[in-house]
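Asker: Right, I'll just put the structure down here and ask away after.
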Amino acid sequence: MSNEFIYLHGFASSPNSAKAQYIRTCFAQANIKLKIPDLNAGDFSQLTITRQLSQIASEFSDNSTPVTLIGSSLGGLTAAHLGQQFLQVQRLVLLAPAFGFLSHWIAKLGPEAMQGWQKEKYLMVYHYGEEEKLPLSYNFVVDASQYKEETLQRPIPTLILHGRHDEVIPIQASRDFAQKRPWVELVELDSDHGLGNVMTEIWQAIRLFCQLP
């Protein structure tokens, strides 16, 4: 049975990110189709994890085709929750997954900015895909707070690739996640959150893990 492969890009990114394009090229060279939906869905300001979950679920072709999800950062977190919810998700590759990202983000923004965001309803966030600041609704935080890592207990074969020098999501978040779940393999790389300098290693790891030609 043919596998379906879907790539979930990160927060404030796009299907045109260097990482998404590199992985798409590798898949194409192996003659495998990789879907890369645009998670901004034409309206970044109303982005939520819930919206990402339903958008990706609608990409599954039918209930019987096994799906492998490859998710980067917030896309990795979303992929993990999809794996919990949908039995046809049979493999996960998570690149610097955004476990516990709200606590890291809120700490960086500080209480004043958070209060302002709640009061004003929108926060201007730099969007790497659009190369400009765009408003993001406070609903993003409200929605994200209901997705807890503790609920991710389905034993799906999972490969996590995380940089030891990640300045956005500390590698400890992935270490903690993998430690309690024997079905998770964590590969620590000499890189930061972008993982730009280790793309060849990442592709080799994906190939091996997904048993690709």
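Asker: Is it the case that segment 137-153 has a residue that's more than 16 Å from the chain's Cα centre (by Cα) and farther than 22 Å from His104 by Cβ?
Answerer: Scanning segment 137-153 turns up at least one residue that is more than 16 Å from the chain's Cα centre (by Cα) and farther than 22 Å from His104 by Cβ.
One line per residue, one yes/no per condition, for (1) loosely packed, with under 14 Cβ neighbours inside 10 Å; (2) in contact with an Asp or Glu (Cβ under 8 Å, 6 or more places away or on another chain); (3) of a type in the set (A, V, I, L, M); (4) in a strand (DSSP E or B):
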{"residue": "Gly110", "(1), (2), (3), (4)": "yes, no, no, no"}
{"residue": "Leu123", "(1), (2), (3), (4)": "no, no, yes, yes"}
{"residue": "Lys133", "(1), (2), (3), (4)": "yes, no, no, yes"}
{"residue": "Asp143", "(1), (2), (3), (4)": "no, no, no, no"}
{"residue": "Leu159", "(1), (2), (3), (4)": "no, yes, yes, yes"}
{"residue": "Ile206", "(1), (2), (3), (4)": "no, no, yes, no"}
{"residue": "Pro213", "(1), (2), (3), (4)": "yes, no, no, no"}
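Asker: Suppose we filter segment 161-189 for residues that are among the charged types (D, E, K, R), in a helix (DSSP H, G or I) and touching a strand residue (DSSP E or B) at 6+ places or on another chain (Cβ under 7 Å); how many remain?
Answerer: Residues of segment 161-189 that are among the charged types (D, E, K, R), as a first pass: 164, 166-167, 175-176, 180-181, 185, 188.
Going one step further and asking which of them are in a helix (DSSP H, G or I), we end up with 175-176.
Imposing the further condition that a residue be touching a strand residue (DSSP E or B) at 6+ places or on another chain (Cβ under 7 Å) reduces the set to 175.
Within segment 161-189, residues that are among the charged types (D, E, K, R), in a helix (DSSP H, G or I) and touching a strand residue (DSSP E or B) at 6+ places or on another chain (Cβ under 7 Å) number 1.
Asker: Considering each of Leu77, Leu92 in turn, give the residue that is surrounded by 13 or more Cβ atoms within 10 Å (Cβ to Cβ), aliphatic (A, V, I, L, M), touching a Ser or Thr at 6+ places or on another chain (Cβ under 8 Å) and at pLDDT 95 or above.
Answerer: Values: Leu77 fails: touching a Ser or Thr at 6+ places or on another chain (Cβ under 8 Å).
Answer to the check: Leu92.
Asker: With the requirement that a residue be surrounded by 14 or more Cβ atoms within 10 Å (Cβ to Cβ) and either closer than 22 Å to Leu212 by Cα or touching a strand residue (DSSP E or B) at 6+ places or on another chain (Cβ under 7 Å) (or both), what does segment 1-14 give you?
Answerer: Taking segment 1-14 first, the residues surrounded by 14 or more Cβ atoms within 10 Å (Cβ to Cβ) are 3-14.
Matches in segment 1-14: Asn3, Glu4, Phe5, Ile6, Tyr7, Leu8, His9, Gly10, Ala12.
Asker: Could you grab me the full set of residues in segment 49-86 that are touching a residue at least 60 places away in the same chain (Cβ under 8 Å) and outside any helix (DSSP H, G or I)?
Answerer: Ser64, Thr65, Pro66, Val67, Thr68, Leu69, Ile70, Gly71, Ser72, Ser73
Asker: Another question, if that's okay. So how many residues does segment 108-157 have that are in contact (Cβ under 8 Å) with a residue 40 or more places away in the chain and among the aliphatic types (A, V, I, L, M)?
Answerer: Selection size over segment 108-157: 6.
The values are calculated or read from the model by the stated rules, or taken from the named source; none is laboratory data. All of these numbers come straight from a predicted model, not from anything done at the bench. A quick note on method: Cβ atoms are made from the backbone with ideal geometry, for glycine too, and the neighbour counts reach across all protein chains shown.
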